[in-house]
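Colleague: Here it is: the structure, laid out below.
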Amino acid sequence: MIPRKAYSIPLPGRAPLHLGERTLVMGILNITPDSFADGGRYLDPDRAVAAGLQMIEEGADLLDVGGESTRPGAEPVPAADEMRRVLPVIERLAGRVPVPLSIDTYKSVVARAALERGATIVNDVSGLQYDPELAPVAAETRAGLILMHTRGRSREMYELAVYDDAPAEVARELEQAILRATGAGVRREAIVVDPGFGFAKRSEHSYEVLARLEAIAALDRPILSGPSRKSFLQAALGERQPAARDWGTAAAVTASVLAGAHIVRVHNVAAMVDVVRVAERIGQSRTPNP
């Protein structure tokens, strides 16, 4: 197991998020009609809140709430529609769950509204490339900030998936995202990085980055790994519907834990909590070569 450095992410209005002692599990709560893995399941706020509470019971350490699908080729959603989907759910969950809530958005207006209602982390799939006002919002509110690697928008990202050394290039571009954040006043200690499996990457690129996650660790920021049910898994599994990719996800989550990821972002919380626990024990039981 690659040693995992400890970090403490300051969060507004609550205790810091301590990372490193074990890999944390982030549950995905998509409140969308078209997300690739579970679109439409939680559009009803009551169902979404119940699903979030169930994830907490199953062992989720964080919840990531999103109102716009960012799958390749997805159509953008107006901010008003996104807020109508996520804000009632965040507001209701914030008063009932003991774990941090993350808003999965690249729009500053959505992020601000979600943070006002109890979210404490912004999860930006654009790495601060889509909305120049998002970083100032994160800085002003002192929210945690997850910066994911991608190139271009959903419709063009695969055209930009050209790499000579994917892990090294992803790391360099994430460092640029960190500089965009800190240049706008975000504290470096508030930042988590995500290599963005499947975003502007062919399947071989995602596997290469996962196999060399230490390139991302060199940025000296905690790592979020999000392989859950992604299409790159099909390069090994063959064509599968997203819900049938959980065994492949389990393998990628295990690799993430052993490579030193601090957080794994998953759909099937109950199963992946078990996977993380076993992977942690494997890593802890490994003894150095004499």
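The values are calculated or read from the model by the stated rules, or taken from the named source; none is laboratory data. From a predicted model like this one, the values you see are computed outputs, not experimental measurements. With ideal geometry, Cβ positions are generated from the backbone for all residues, glycine too; neighbour counts draw on all protein chains shown. Heads up: the accessible areas ignore ligands, DNA and RNA and are worked out on the full protein's heavy atoms, side chains in. Shrake-Rupley method; radii C 1.70, N 1.55, O 1.52, S 1.80 Å.
Colleague: In region 264-287, how many are out of contact with any Asp or Glu (no Cβ under 8 Å at 6 or more places or on another chain) and either within 17 Å of residue 2 (Cα to Cα) or open to solvent by 40 Å² or more (accessible area, probe 1.4 Å) (or both)?
Modeller: 14
Colleague: Next up: Mind telling me which of the residues 222, 242 ends up being within 15 Å of the chain's Cα centre (by Cα) and touching a residue at least 12 places away in the same chain (Cβ under 8 Å)? Lay out the reasoning, then the answer.
Modeller: Numbers: 242 fails: within 15 Å of the chain's Cα centre (by Cα).
Only one candidate passes the filter, namely 222.
Colleague: For region 227-266, name all the residues that are of a type in the set (Val, Ile, Thr) and touching a strand residue (DSSP E or B) at 6+ places or on another chain (Cβ under 8 Å). Can you show your working first?
Modeller: In the first step, residues of region 227-266 are kept if they are of a type in the set (Val, Ile, Thr); the result is 249, 253-254, 257, 263-264, 266.
Residues satisfying the conditions are 249, 253, 257, 263, 264, 266.
Colleague: Cβ-Cβ distance below 6 Å, separation of 6 or more or different chains: which pairs start in region 133-149 with a residue that is charged (D, E, K, R) and end on one that is buried (at least 18 other Cβ atoms within 10 Å of the Cβ)?
Modeller: 133/108
Colleague: Looking for whichever is over 16 Å from residue 26 (Cβ atoms), open to solvent by 60 Å² or more (accessible area, probe 1.4 Å), in contact with a Ser or Thr (Cβ under 7 Å, 6 or more places away or on another chain) and small (Gly, Ala, Ser) here; the options are 200, 218, 235, 243. Which one fits? Please lay out each step first, then the result.
Modeller: Working: 200 fails: open to solvent by 60 Å² or more (accessible area, probe 1.4 Å); 218 fails: in contact with a Ser or Thr (Cβ under 7 Å, 6 or more places away or on another chain); 243 fails: in contact with a Ser or Thr (Cβ under 7 Å, 6 or more places away or on another chain).
After ruling out the rest, the residue left standing is 235.
Colleague: Answer yes if at least one residue in region 277-287 is among the basic types (Lys, Arg) and modelled with pLDDT under 95, and no otherwise.
Modeller: Applying the first criterion (among the basic types (Lys, Arg)) to region 277-287 yields 277, 281, 286.
Of the ones still in play, those that are also modelled with pLDDT under 95 are 286.
Within region 277-287, one or more residues are among the basic types (Lys, Arg) and modelled with pLDDT under 95.
Colleague: If you don't mind, another one. Out of all the residues in region 4-14, which are hydrophobic (A, V, I, L, M, F, W, C), more than 16 Å from the chain's Cα centre (by Cα) and open to solvent by less than 70 Å² (accessible area, probe 1.4 Å)?
Modeller: Result: 11, single match.
Colleague: Listed residues 202, 212; which is over 15 Å from residue 255 (Cα atoms), of a type in the set (Lys, Arg) and modelled with pLDDT of 95 or more? Before you say what the answer is, go through the steps one by one.
Modeller: Details: 212 fails: over 15 Å from residue 255 (Cα atoms).
The unique qualifying residue is 202.
Colleague: Report the residue count in region 54-92 for those that are buried (at least 18 other Cβ atoms within 10 Å of the Cβ) and within 21 Å of residue 18 (Cβ to Cβ).
Modeller: Selection size over region 54-92: 7.
For (1) assigned to a helix (DSSP H, G or I); (2) open to solvent by 50 Å² or more (accessible area, probe 1.4 Å), each residue gets a yes or a no:
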{"residue": "110", "(1), (2)": "yes, no"}
{"residue": "115", "(1), (2)": "yes, no"}
{"residue": "135", "(1), (2)": "yes, no"}
{"residue": "140", "(1), (2)": "yes, yes"}
{"residue": "158", "(1), (2)": "yes, yes"}
{"residue": "164", "(1), (2)": "no, yes"}
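Colleague: Mind listing whichever residues of region 239-290 are over 21 Å from residue 222 (Cα atoms) and among the acidic types (Asp, Glu)?
Modeller: Passing the criteria: 239, 246, 274.
Colleague: Here is a further query. Enumerate the pairs (first residue in region 8-25 and free of Cβ contacts under 8 Å to residues at least 24 places away in the same chain and acidic (Asp, Glu); second residue anywhere and part of a loop (DSSP other than H, G, I, E, B) and surrounded by 14 or more Cβ atoms within 10 Å (Cβ to Cβ)) with beta-carbon separation below 8 Å, excluding pairs fewer than 6 apart on the same chain, so at least 6 apart or on different chains.
Modeller: Qualifying pairs under 8 Å: none.
Colleague: Still on this structure, please answer the following. Being at pLDDT 95 or above, under 14 Å from residue 125 (Cβ atoms) and out of contact with any Asp or Glu (no Cβ under 6 Å at 6 or more places or on another chain) is the filter here, so list the residues in region 62-96 that pass it.
Modeller: Listed by number, the list holds a single entry, 65.
Colleague: Could you tell me whether residue 97 is in contact (Cβ under 8 Å) with a residue 40 or more places away in the chain, in contact with a helix residue (DSSP H, G or I) (Cβ under 8 Å, 6 or more places away or on another chain) and more than 25 Å from residue 51 (Cα to Cα)?
Modeller: Values: in contact (Cβ under 8 Å) with a residue 40 or more places away in the chain: yes; in contact with a helix residue (DSSP H, G or I) (Cβ under 8 Å, 6 or more places away or on another chain): yes; more than 25 Å from residue 51 (Cα to Cα): no.
No; evaluated as a whole, the condition is false for this residue.
Colleague: Which residues, taken from region 247-290, are in contact with a Lys or Arg (Cβ under 8 Å, 6 or more places away or on another chain) and farther than 28 Å from residue 18 by Cβ?
Modeller: 248, the sole residue that qualifies.
Colleague: For residue 131, work out the one condition from (1) open to solvent by less than 10 Å² (accessible area, probe 1.4 Å); (2) within 30 Å of residue 166 (Cα to Cα) it doesn't fulfil.
Modeller: So residue 131 meets the others, but not (1).
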